[in-house]
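Notes for the one structure printed next.
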Amino acid sequence: MSSIEERVKKIVAEQLGVKEEEVKSEASFVEDLGADSLDTVELVMALEEEFETEIPDEEAEKITTVQLAIDYINQNLA
Amino acid sequence: MSIADKVALVTGASRGIGAAIADQLGAAGAVVVGTATSAGGAEKISARFADKGIKGSGMVLDVTDAGAVAELLRSMQEQYGAPQILVNNAGITKDNLLMRMGEDEWCDVIDTNLSAVYRLSKACLRQMMKARWGRIINISSVVGAMGNAGQSNYAATKAGVAGFARALAKEVGSRGITVNTVAPGFIDTDMTKVLPAEQKDLMLSQIPLGRLGQPEEIAAVVCFLADAAGGYITGETIHVNGGMYMA
């Protein structure tokens, strides 16, 4: 079983069409990884499915970097 | 990708234009769920589909109930898969001069004709985005473009769904989803049967083709938009009205 960090990074890479090594923890989806606003919505949808949870819209808006996504999953699913 | 074996959801499919759309999509090979507000209406749709050899069934849906929309999508997904074609057809009229129009007459029409388009489109989009393919088709009315005395509520919703389609088309075009509007003119349905004879004659005199349209003539345009053939059209309103209004 891979760690939450690895799973999040894998999903980010798949969704945004970037290489996994580019997905650094501090990377911003929009500024560093080239995501547009719809990409970020899809990314949250993919995270919801991977971790079988629902992320409320007001929380989803705050998830703007890889680390924030990892933190959110850790805090809400651990 | 053609319509065959796609899953389609048509709201308000028990009669009139919605019934014709559901039947034509079904005849083209789609698996169709047609909704009605009552259990009896849903059963009739199922029976009609069975009779015509159409895959799918009728289901009960109150389009003003967000919980019911979520429930419908869940049961559709289980039985047939997520809808790839959504036809927002369900609509009502509560005509009155604005000076006499009650808040309830305004709100009911907005909720059923416009807010339901928001609810259903949003509910279907997730799976369409994942599939990188989808068709959302709103049924508007010539009244949304021309206006009609006594129908300020209805006209507002029918213009509204066209604007909605243009905005959403820009949002989700990159995901292979098209969003269009079909605006029927004066069509031979229960909704127009209730109009007084003088009003009907007056309207007929304004239609160059000199006759009412048939529900099947609206359904044909919806099927074209749903099919691969209509794949490069998005954000558009197609008027089907015998020349009554030319945009």
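State whether one or more residues within segment B:110-123 are within 14 Å of chain A (Cβ to nearest Cβ) and open to solvent by 10 Å² or more (accessible area, probe 1.4 Å). The answer is yes; a qualifying residue exists. Candidates B:VAL194, B:VAL182: the one that is within 15 Å of the chain's Cα centre (by Cα) and either away from chain A (no Cβ under 14 Å) or open to solvent by less than 50 Å² (accessible area, probe 1.4 Å) (or both) is B:VAL182. Do we have any residue at all in segment B:8-25 that's surrounded by fewer than 21 Cβ atoms within 10 Å (Cβ to Cβ), at pLDDT 95 or above and hydroxyl-bearing (Ser, Thr, Tyr)? No, that holds for no residue.
Within segment B:79-100, is there a residue that is in a helix (DSSP H, G or I), within 14 Å of chain A (Cβ to nearest Cβ), open to solvent by 50 Å² or more (accessible area, probe 1.4 Å) and among the polar types (S, T, N, Q)? No, there is no match, as no residue in segment B:79-100 is in a helix (DSSP H, G or I), within 14 Å of chain A (Cβ to nearest Cβ), open to solvent by 50 Å² or more (accessible area, probe 1.4 Å) and among the polar types (S, T, N, Q).
Across segment B:137-162, the number of residues qualifying as under 17 Å from B:GLY91 (Cα atoms), open to solvent by 30 Å² or more (accessible area, probe 1.4 Å) and either assigned to a helix (DSSP H, G or I) or touching a Lys or Arg at 6+ places or on another chain (Cβ under 6 Å) (or both) comes to 4.
Out of everything in segment A:46-66 that is among the acidic types (Asp, Glu) and not in a loop (DSSP other than H, G, I, E, B), what residue ends up being nearest to A:GLU5 (Cα to Cα)? Within segment A:46-66, the match that is nearest to A:GLU5 (Cα to Cα) is A:GLU50. Please work out which residue is nearest to B:GLN24 (Cα to Cα), limiting yourself to segment B:217-233 and to residues that are in a helix (DSSP H, G or I) and without any contact (Cβ under 8 Å) to a residue 12 or more places away in the chain. Once the filter is applied, the top-ranked residue is B:PHE224.
Remark: B:GLY134 falls outside the filter, which requires a residue to be open to solvent by 20 Å² or more (accessible area, probe 1.4 Å), within 14 Å of another protein chain (Cβ to nearest Cβ) and within 19 Å of B:ALA228 (Cα to Cα).
Give me a count of the residues in segment B:163-172 that are open to solvent by less than 40 Å² (accessible area, probe 1.4 Å) and either within 14 Å of another protein chain (Cβ to nearest Cβ) or hydroxyl-bearing (Ser, Thr, Tyr) (or both).
3
If you check B:GLY58, B:GLY67, B:GLY34, B:GLY40 for being open to solvent by 10 Å² or more (accessible area, probe 1.4 Å), closer than 20 Å to B:SER121 by Cβ and either free of Cβ contacts under 8 Å to residues at least 12 places away in the same chain or outside any helix (DSSP H, G or I) (or both), only one passes: B:GLY67. Restrict the check to segment A:6-27 and report whether at least one residue is modelled with pLDDT of 95 or more, open to solvent by less than 20 Å² (accessible area, probe 1.4 Å), assigned to a loop (DSSP other than H, G, I, E, B) and within 25 Å of B:GLY173 (Cβ to Cβ). Checking segment A:6-27: not a single residue is modelled with pLDDT of 95 or more, open to solvent by less than 20 Å² (accessible area, probe 1.4 Å), assigned to a loop (DSSP other than H, G, I, E, B) and within 25 Å of B:GLY173 (Cβ to Cβ). Within segment A:32-45, is even one residue in a helix (DSSP H, G or I), open to solvent by 20 Å² or more (accessible area, probe 1.4 Å) and more than 13 Å from chain B (Cβ to nearest Cβ)? No; the residues of segment A:32-45 include none that is in a helix (DSSP H, G or I), open to solvent by 20 Å² or more (accessible area, probe 1.4 Å) and more than 13 Å from chain B (Cβ to nearest Cβ).
In this structure, does B:SER2 turn out to be at pLDDT below 95 and either polar (S, T, N, Q) or at positive phi (or both)? Yes.
The values are calculated or read from the model by the stated rules, or taken from the named source; none is laboratory data. Here the structure is a predicted model, which means the values were calculated and not measured. Methodologically, a virtual Cβ is constructed for each residue, glycine included, from the backbone with ideal geometry; neighbour enumeration extends over all protein chains shown. What goes into the accessible areas is simple: the full protein's heavy atoms, side chains included, and nothing from ligands, DNA or RNA. Shrake-Rupley method; radii C 1.70, N 1.55, O 1.52, S 1.80 Å.
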